[in-house]
Amino acid sequence: MVSPRDPVAGLSDEPPQVRAAEYVRMSTDHQRYSTENQGDAIRSYAEEHDLRIVRTYSDEGKSGLTVEGRDGLRRLISDVQAGPVDFEVLLVYDVSRWGRFQDADESAYYEYLCRRAGIRVVYCAEQFENDGSPIATIVKSVKRAMAGEYSRELSSKVFIGQCRLVELGFRQGGAAGFGLRRLLVDEAGMAKSQLARGEQKSLQTDRVVLVPGPPEEVSAVRQIYRMFLADGLKERGIADALNREGILTDLGRPWTRVTVHQVLTNEKYVGNNVFNRSSFKLKQKRVRNPPDKWVRAEGAFTPVVQLDDFEAAQQVIAERSRTFDDSEMLEGLKRLLDKFGALSGLVIDEQDSLPSSTAYRTRFGSLLRAYLLVGYRPDRDYRYIAINRSLRELFPQVVADVSAGVSSGGGSITRDDATGLLHINGEFSASIVIARCLQTPGGSWRWKMRFETGLEPDITIAVRMDAANRAPMDFYLFPRIDVFAERLRLFETNGLSLDAYRFDDLELLYHLASRVALQEVA
């Protein structure tokens with residue numbers, strides 16, 4: 001009799017181990033979240049539960065605020081959506097490892113994608129079982145919200161700390177600039193060494209201050225102010241003079257009107273430490289803050305130019321901008337258009353005789369509006385408007401075609417004038433969206449779709465236009481259960497997770513809506 005463990009029989013009393021993958025992420029917030037510590041906890045869990053880890057997805061040193069730059073998570077989701085994968089379980093250290101998103105539903109979305117693909121998600125360091133029970137759902141929701149709140153609180157604490165250091169005279173990031181250098185000091189304020197461009201401090205207790213740079217650069221900065229105030233040269237003339245002398249900027253590039261203007265307007269050259277000119281909190285949106293929200297420490301650094309000279313330069317610049325009324329600004333812009341045949345912010349900023357592009361934005365609300373007032377319509381914007389106009393004209397024809405297709409199968413269709421939704425056979429609703437075709441600089445094609453998620457249509461009919469944006473190329477039929485975001489970007493090929501919904505025509509929709517006569521049975 002052959003034993004069950006006899007290799008000849010190819011049988012075993014022990015069930016095969018379940019294959020698992022692990023996802024680990026570490027930012028710089030806490031050592032306990034190092035990828036090594038997460039990996040140890042995950043492997044310990046796997047051994048206890050007879051799981052075999054066959055794949056690792058890792059993001060090291062990546063913030064959890066967004067998915068940008070997180071190649072490990074992107075690869076995981078891509079593999080799961082493309083399927084099938086060679087694992088049945090995904091092991092994650094805790095709920096916050098998905099990310100500390102400000103929208104708590106985003107981490108829930110990534111977990112859902114895994115579950116939809118038949119992959120069980122396990123949180124190895126959590127005290128609850130991720131079994132889909134109401135308790136687990138509530139706990140996860142709370143922890144996702146707490147993860148986002150942690151980032152908000154941390155952002156606030158970091159900002160307060162940065163402001164305090166600025167007020168103490170320490171530099172908070174950014175290049176020193178021409179004529180200045182960054183000096184590393186210890187916690188007692190004693191100088192340690194100068195930092196070259198790209199170098200960073202290595203000790204958390206060290207600080208950075210600005211000091212005057214090489215004598216030749218300091219002399220050039222003072223020469224810029226002298227040419228501007230005493231000689232009456234404008235930024236363009238000063239840049240030309242510096243370039244003739246062979247003087248390069250701190251980046252090793254020739255001078256321009258803009259780089260000279262930066263030297264004339266930055267308070268660091270009089271020793272002031274200014275912070276919070278712009279904000280990019282929680283990686284949401286960069287905003288330019290008004291001067292009353294700037295944080296400053298006056299006289300924090302050794303000045304390179306005298307305060308009187310700096311203030312005189314600011315007065316000249318301010319008076320120069322105030323001398324133009326609306327009609328004069330527009331007349332100057334029209335002369336510039338006649339000269340170059342096109343307009344841009346860079347072209348405007350390089351003109352000594354005109355206010356800056358920022359002044360035009362402030363005065364007229366936007367550069368585009370200023371362009372339109374002088375009769376200039378950028379080619380790209382014009383094409384965009386023309387294409388959108390043609391797509392709006394195409395929309396009624398698409399609705400008519402769908403109505404005719406449904407009716408041909410005996411179905412009925414009505415349109416809600418208030419919402420635009422189509423109600424088919426009184427059984428389900430449909431929304432139609434048209435996506436224009438965009439060409440990238442590299443020659444690839446892209447389509448951006450915006451769904452009517454607020455109306456909750458049962459089916460979204462997405463019409464993808466051809467390269468010329470003249471006729472539909474193909475169609476996507478997305479059921480409501482698979483629409484998770486307001487926007488979706490499509491490539492030429494998108495993998496099975498999206499192209500499974502792609503069709504060359506709408507015959508499937510018409511077939512679903514068709515009426516079939518039933519024979520009466522006695």
On the basis of being on the phi > 0 side of the Ramachandran plot, in contact with a Leu (Cβ under 9 Å, 6 or more places away or on another chain) and assigned by TED's automatic domain parsing to the domain that holds Tyr23, does Gly83 make the cut?
yes
Out of all the residues in the stretch 196-209, is one or more at pLDDT below 90, assigned to a helix (DSSP H, G or I) and under 30 Å from the mean Cα position of the chain (by Cα)?
no
Scan the stretch 161-172 for residues that are touching a strand residue (DSSP E or B) at 6+ places or on another chain (Cβ under 6 Å) and farther than 24 Å from Ala220 by Cβ and jot them down.
Cys163, Val166, Glu167, Gly169, Phe170, Gln172
Got at least one residue in the stretch 466-478 being farther than 18 Å from Leu391 by Cα and surrounded by fewer than 19 Cβ atoms within 10 Å (Cβ to Cβ)?
yes
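Here's the yes/no breakdown for (1) under 25 Å from Gln17 (Cβ atoms); (2) crowded, with 19+ Cβ neighbours inside 10 Å; (3) assigned by TED's automatic domain parsing to the domain that holds Ala485:
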| position | (1), (2), (3) |
| --- | --- |
| Glu48 | yes, no, no |
| Arg55 | yes, no, no |
| Leu76 | yes, yes, no |
| Leu91 | yes, yes, no |
| Asp94 | yes, no, no |
| Trp98 | no, yes, no |
| Ser107 | no, yes, no |
| Glu111 | yes, yes, no |
Test set (1) under 25 Å from the mean Cα position of the chain (by Cα); (2) modelled with pLDDT of 85 or more - Leu373 fails condition number:
(1)
Being in contact with a strand residue (DSSP E or B) (Cβ under 9 Å, 6 or more places away or on another chain) and either surrounded by fewer than 15 Cβ atoms within 10 Å (Cβ to Cβ) or in a helix (DSSP H, G or I) (or both) is true for just one of Ala175, Ala145, Ala136. Which residue is that?
Ala175
Can you find a residue that is hydrophobic (A, V, I, L, M, F, W, C) and at pLDDT 85 or above anywhere in the stretch 147-156?
no
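What residue, among those in the stretch 66-88 that are of a type in the set (Gly, Ala, Ser) and not in a helix (DSSP H, G or I), is nearest to Val24 (Cα to Cα)?
This residue is Gly69.
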Residue ID - nearest to Pro472 (Cα to Cα), chosen from residues in the stretch 380-400 that are modelled with pLDDT of 80 or more and either loosely packed, with under 13 Cβ neighbours inside 10 Å or outside the structural domain of Gly426 (by TED's automatic domain parsing) (or both)
Gln397
Regarding Asp309, is this residue in contact with a Phe, Trp or Tyr (Cβ under 6 Å, 6 or more places away or on another chain) and among the charged types (D, E, K, R)?
yes
Taking the stretch 219-267, which residues are assigned to a helix (DSSP H, G or I), closer than 23 Å to Ala175 by Cβ, out of contact with any strand residue (DSSP E or B) (no Cβ under 7 Å at 6 or more places or on another chain) and of a type in the set (Asp, Glu)?
Glu235
Name the pairs: first residue in the stretch 486-507 and assigned by TED's automatic domain parsing to the domain that holds Pro84 and in contact (Cβ under 8 Å) with a residue 40 or more places away in the chain, second residue surrounded by 11 or more Cβ atoms within 10 Å (Cβ to Cβ) and not in a loop (DSSP other than H, G, I, E, B), Cβ to Cβ under 9 Å, at least 6 apart or on different chains?
none
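Consider Leu330 carefully, then state whether it is closer than 22 Å to Arg257 by Cα, in a helix (DSSP H, G or I) and modelled with pLDDT of 75 or more.
yes
The values are calculated or read from the model by the stated rules, or taken from the named source; none is laboratory data. Just so we're clear, the structure is a prediction, and the values are computed from it rather than from any experiment. In this analysis, Cβ positions are derived from the backbone assuming ideal geometry, glycine residues included, and neighbour counts consider all displayed protein chains.
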